[in-house]
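Remarks on the structure that follows.
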Amino acid sequence: MAMGLLQSGCSVSFARALRSRTFTTISSTVTVPSLKKASQMETRFLLGLSEEQLQQLSLDFGQKSFRGKQLYHLLYKRKVKEIQEFSQLPLEFRNDLEEAGWRVGRSPIHKAVTAADGTTKLLIKLEDNRLVETVGIPVKDNDGSSRLTACVSSQVGCPLRCSFCATGKGGFSRNLKSHEIVEQVLAIEELFKQRVTNVVFMGMGEPMLNMKEVLEAYRCLNKDILIGQRMITISTVGVPNTIKKLASYKLQSTLALSLHAPNQSLREKIVPSAKSYPLNAIMKDCRDYFLETRRRVSFEYTLLAGVNDSVKHAIELAELLHEWGRGHHVNLIPFNPIDGSEYKRPSKKSVIAFVSALESRKVTASVRQTRGLDASAACGQLRNEFQKSPLLSGSIDQESHSEVALAS
Ligand code: SAH
C-alpha cells in the first residue's frame with residue numbers, strides 16, 4: 001500500500017536530526033574492483049556509497065581523493081544520472097569507472113500516473129526489466145509549508161501474501177539492492193522538482209526481509225540525501241528476530257507495525273505469516289523497540305468491512321495496546337479494494353465508531369486519508385497491471401497496455 005502517512009507530523013528539522021548525538025552510523029563496505037575489462041566485471045553502483053567510500057574509490061583508480069568529494073557532490077547534490085555527465089571529472093577517470101563496470105545506479109521510469117491531488121505513482125524499470133513501484137505524495141500543511149513523502153519499495157513483489165494486499169498476490173521476485181531503494185527517492189525528487197522530506201518504507205515488499213540493503217539505503221538517505229531520521233518510517237508486518245535487531249541500531253525513526261487484528265486467531269486469518277510470530281511476542285518486541293529507541297511505535301490497521309472493523313475489535317485493540325504500554329498510536333487504513341479480493345471497504349460510519357471506541361479508551365488514532373490514486377491503484381496494483389508476475393523478467397511491451405485510469 002502506499003498512500004498516506006499523511007499524518008506523520010514531524011517537527012524536527014533536518015539540521016537538528018543531523019546534529020543529533022544519537023546519530024547512528026551503519027557501516028557498509030565497498031570492495032573496489034581493480035581495473036579489469038568491463039566484460040569481466042559485474043556492474044557496481046555509485047549510488048549508496050558514502051563520501052569516504054567514494055574517496056577510497058577515487059584513490060583506487062589512481063585519482064586524488066578530492067575526486068571522491070566531487071563524485072559525492074555530483075551524485076547527491078547535483079543528482080547527475082550518468083557517469084559520462086560528470087563533466088568536472090577527467091574523461092579518463094569517467095572512462096575507467098565505466099570500463100570497470102561502475103554505473104550511477106539510476107533506472108528509467110516505465111510509467112508515471114498522477115492523480116488530481118498530485119499523488120504520483122511511478123513504475124521504475126530495473127536493470128533486469130523488473131518493475132518496482134514508488135509513490136510521491138505531496139502535502140500542504142496548514143502553516144503553508146509543503147511536504148513531499150516518498151513511499152518506497154524494498155522488494156520486487158512480496159513473499160508474505162497478506163490477504164488484502166495486491167503486492168503479495170503478484171508473488172515475490174527478489175530483494176532490492178540499496179541503490180534501487182535510494183533511486184526511488186531521487187526519481188520522486190526529480191519528478192516533483194522538490195526535495196523529498198519524508199520517506200516511508202510502505203511500498204512493495206517487507207523491509208525486514210531485506211534488512212541489510214534497507215539499512216544501507218537508510219544510511220544514504222539520511223547522511224547523503226539529508227532526510228532526517230525522524231522523517232523516515234519503517235513499516236513491517238513482523239518478521240521474527242528483526243525488530244530487536246533494528247532497535248539495536250537506535251535509529252531515530254518510527255517503526256510502523258502492521259497489526260490488522262487485535263488477537264492472534266483473527267490475525268492469522270488476515271496475515272498468514274502471523275503463525276510464525278505470535279502477537280504477544282510482537283507486542284513485546286515493539287515495547288522493547290520503544291524502550292531502546294524512545295521512538296513511539298505506530299500500529300497500522302487495515303480496516304476490512306465485517307472482518308476486523310467492529311467496535312468490539314476496537315475495544316480489544318485498545319486493551320491489547322494498554323496491556324503492552326502507553327503512547328501507542330494507531331493508523332487506520334480503510335481497505336483499498338484490489339482486483340479479485342472479496343474484502344470490502346468499511347463504511348464511514350463504522351470507521352468513525354472504531355476511532356471513537358479507541359479514543360474513548362485513550363488510544364490516539366488517525367485515519368489515513370485516501371489520496372487520489374488509492375481508488376484505482378492500491379500498492380502493487382499498478383505494477384500488477386503492467387507485469388502480472390514479478391517472476392517474469394522479459395522485456396515489457398508498453399504499447400499493449402492501456403493507460404491506467406486516473407482517480408480524481
Ligand atoms: N510489508 C510492510 C510494508 C508494505 S505494506 C508492512 O506490511 O507493513 C504497507 C501498509 O499498507 C501495510 O500496513 C499494509 O497492511 C497496507 N496495505 C497494503 N495493501 C492494502 C490495501 N489494499 N488496503 C489498505 N491497506 C493496505
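Readers should treat all values here as calculations from the given coordinates under stated rules, not as data from a laboratory. Worth saying up front: this structure is predicted, and the values here are computed from it rather than measured. So basically every Cβ, Gly included, is an ideal-geometry build from the backbone, and we count neighbours across all protein chains shown.
Quick rundown of the values:
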{"quantity": "Relative packing of peptides 138-146, 72-80, 43-51 - highest average C-beta neighbours within 10 Å first", "calculated": "43-51, 72-80, 138-146"}
{"quantity": "Proportion of all alpha-carbon pairs of segment 34-103 beyond 16 Å (%)", "calculated": "41"}
{"quantity": "Additional length obtainable on full extension of the chain from Lys250 to Ala305, 0.36 nm per residue less Cα span", "calculated": "16.1 nm"}
{"quantity": "Spacing of the two label points (7 Å from each Cα toward its C-beta) at Ala116 and Gln264, in nm", "calculated": "4.8"}
{"quantity": "Dipole magnitude of segment 34-103 about its Cα centre (Cβ charges: Lys, Arg +1; Asp, Glu -1), debye to nearest 20", "calculated": "220"}
{"quantity": "Segment 34-103 - percent relative contact order, Cα under 8 Å, separation 6 or more", "calculated": "44"}
{"quantity": "Distant-in-sequence amide H partners of Trp102 (H built 1.01 Å from N, under 5 Å)", "calculated": "Arg44"}
{"quantity": "Simple label model, 7 Å out from Cα along Cβ direction - Ser360 to Asp60, nm", "calculated": "6.3"}
{"quantity": "Loop trypsin sites (Lys or Arg not before Pro), segment 193-233, which have at most 16 other Cβ atoms in a 10 Å radius of their Cβ (DSSP)", "calculated": "Lys193, Arg195"}
{"quantity": "Set Lys79/Lys193; Lys140/Lys177; Lys212/Lys284 screened for pairs whose C-alpha atoms are more than 21 Å apart", "calculated": "Lys140/Lys177; Lys212/Lys284"}
{"quantity": "Computed label-point distance, nm, for sites Leu191 and Asn280 using a 7 Å Cα→Cβ extension", "calculated": "4.5"}
{"quantity": "Rg and Dmax [Cα atoms of segment 121-249; Å; Rg one decimal, Dmax integer]", "calculated": "14.4, 44"}
{"quantity": "Segment 109-375 - percent relative contact order, Cα under 8 Å, separation 6 or more", "calculated": "15"}
{"quantity": "Percentage relative contact order, segment 221-305, counting C-alpha pairs under 8 Å, at least six apart", "calculated": "34"}
{"quantity": "Potential lengthening between Leu291 and Asn142 on full extension [0.36 nm per residue; Cα-Cα distance subtracted]", "calculated": "50.4 nm"}
{"quantity": "Proxy reagent accessibility, fewest Cβ within 10 Å first, across Asp285, Asp224", "calculated": "Asp224, Asp285"}
